[in-house]
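Engineer: Mind looking over this structure? Questions follow.
The values are calculated or read from the model by the stated rules, or taken from the named source; none is laboratory data. Since we're looking at a predicted model, the values are computed, not measured. Glycine gets a Cβ as well: all are built from the backbone with ideal geometry, and neighbour counts include every protein chain shown.
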Amino acid sequence: MAHPAQLGFQNAASPIMEELLHFHDHALMIVFLISASVLYIITLMLSTKLTHTNTMDAQEVEMVWTILPAIILILIALPSLQILYLMDEVNNPHLTIKAIGHQWYWSYEYTDYENLMFDSYMTPTHDLTPGNFRLLEVDHRVVIPMESPIRILVSAEDVLHSWAVPALGIKTDAVPGRLNQTTLITSYPGLFYGQCSEICGSNHSFMPIVIESTPLKHFEAWSKLMISS
């Protein structure tokens, strides 16, 4: 969960988010090294008397500034491609959930269960209880079993939306007439908050997403209660 004055990412709640945090640190270290090298060269040039200013040919330098950037790009691209592959991989999902974006709410359908579907609206400020988060609470949460692969099919009914939960490392565009797919696995039980991340109209800011990760037996009890109600 994000908190005031936070500078970094939210705590990783999924294996994908853990990989994204590692990649962020990896890429940031490369950026720091490049920035320090450039600063050192600039300082050296400003503080040292220049010699050989008439040199027109420097093949060694040209080779270095051609090969070195290529190596740096490879070091950044390889882990990035690995994470992209992991994010697109879907292996035997425990269940499938359809998330449909509307102006301005989300609707969900658990396709493995009969008649398990609901709309999820933001809870108005005057209905909040102590401990609730303003603009983030909903009337119906998306309940999933923890440590189980969940396939999310994302689409929209009217305009472009985006289904995003930062703590899980997920952001999938919701496009009318098209199904996009993503997979999530929660590492521990808890509540994970997100919002629509594509400007979709005047109430774009009022489309929160709440994922409730629970043990499997609690999820089964919840699903039976929802179907019977």
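Engineer: If you take the residues in region 6-28 that are farther than 14 Å from residue 84 by Cβ and touching a strand residue (DSSP E or B) at 6+ places or on another chain (Cβ under 8 Å), which one is modelled with the lowest pLDDT?
Structural biologist: Across region 6-28, the extreme among qualifying residues is 13.
Engineer: Under 7 Å between Cβ atoms, which residue pairs at least 6 apart in sequence (or on different chains) link something in region 74-94 that is under 24 Å from residue 150 (Cβ atoms) with a partner that is charged (D, E, K, R) and surrounded by 14 or more Cβ atoms within 10 Å (Cβ to Cβ)?
Structural biologist: Pairs that qualify, where the first residue is under 24 Å from residue 150 (Cβ atoms) and the partner is charged (D, E, K, R) and surrounded by 14 or more Cβ atoms within 10 Å (Cβ to Cβ), are 83/19; 86/19; 90/151; 93/151.
Engineer: Yes or no: region 174-196 includes at least one residue that is in the same structural domain as residue 155 (by TED's automatic domain parsing), under 18 Å from residue 135 (Cα atoms), surrounded by fewer than 18 Cβ atoms within 10 Å (Cβ to Cβ) and of a type outside the set (A, V, I, L, M).
Structural biologist: no
Engineer: Please tell me if residue 126 is in the same structural domain as residue 198 (by TED's automatic domain parsing) and over 25 Å from residue 177 (Cα atoms).
Structural biologist: So residue 126 fits the description; yes.
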